[in-house]
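FYI, it's all coordinate maths here, none of it is from the lab. Every value quoted in this text rests on a predicted model; they were computed, and no experiment measured them. Every residue, glycine as well, gets a Cβ built from its backbone with ideal geometry; the counts of neighbours run over all protein chains shown.
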Amino acid sequence: MQASKLINDVNFHLQWIDIISKVKITYPSLDQFIQAYQNNKEAFIEFPFDTPVLIKLVQRMHPPTYAKESPFMTFIRLNQVLNLDPTQFFEQFHSIFRLGIKNRLYEKKDVAELFTWIKSQDQLFGQYFNHYSSNANPDHLWDMFLHLFTIGAVDKIVQKHLIPIVSQRALSVNTTTFQRYVKIAKNSLGEIKPDHESYFLNLFEKIFYAYIIKWFTNPQYSYQLTRIECIDLLQAGLQLSFTDLLER
């Protein structure tokens, strides 16, 4: 419940969230604001910060894109400093995240770090990955797919949400773009840990197979391909084939 205090009049309540919403904040950074609060928190025993207040503060004082620390790691750290639950914070942060992705506010490595932190929470990860995929173009989504594998972040929960969306978006690109995706995947293979390599190749093969089935067997698309393009695409896929599925 939002902290409040009755002052003089029973109809007047002082609330942190009202102050943050209406008062000009002169602190240069979110960290410094929280530090000032911590230094004087004994004076705020009856006015403790809660999660909605921190969310509102982040809306007004979001860490800059040039900050050395990932903004998401900053939020986790500040929640811990304030004895708040980071999971509860991210359950309320999603609208800010969605806008940040839309405006390209976050770096790929920082978003991947957030995904890694929430990957054990099925519903929360699904919500954030949907926000990301809905506001990222196919190129960025493919890069994120590969990056999550290179950092070893793909488990069953991540796979559940990642593969259907990546497959669907990959099917929408033309063959020239998809061949580029295949080349990037091949170049990324050396960065994937050996114990994740077969897992990655198996999933890649399923995406590739779905793509060639669409483009080779559907007259709506197949007429756009020359014989040479078909051969080039198949040869590219065979280089990353894990089973005999593509060969067949």
Practice prompt. Work out how much length residue 137 to residue 187 would gain on full extension: take 0.36 nm times their residue separation and subtract the Cα-Cα distance, in nm to one decimal.
Written response: 15.9 nm
Worksheet item: From the phi of every residue in region 228-239, what ³J(HN,Hα) in whole Hz does the Karplus formula 6.51 cos²θ - 1.76 cosθ + 1.60 yield, where θ is phi - 60° and glycine or proline is x?
Response: 4, 4, 4, 5, 4, 5, 5, 5, 5, x, 5, 5
Item to complete: Kindly flag which residue pairs out of 160/183; 68/108; 102/156; 156/193; 68/119; 68/186 have an alpha-carbon separation exceeding 19 Å in this structure.
Response: 160/183; 102/156; 68/119; 68/186
Response to the item:
Output for region 63-137: trypsin sites (Lys or Arg not before Pro) sitting in coil per DSSP, at most 16 other Cβ within 10 Å, listed by number, reads 68, 104
Worksheet item: Quick one: length gained pulling residue 103 to residue 177 fully straight, 0.36 nm per residue minus the C-alpha distance?
Response: 24.3 nm
Practice prompt. Assuming R0 = 41 Å, can you tell me the calculated FRET efficiency for the pair residue 225 and residue 29, based on Cβ-Cβ distance, to the nearest 0.05?
Written response: 0.15
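Between residue 123 and residue 81, what is 0.36 nm times their sequence separation minus the Cα-Cα distance? Round to one decimal in nm.
Length difference between fully extended and current span is 12.6 nm.
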Discussion item. What aspartates and glutamates does residue 206 reach when the alpha-carbon gap must be under 15 Å and sequence neighbours fewer than 8 apart in one chain are set aside?
Written reply: 197, 244, 247
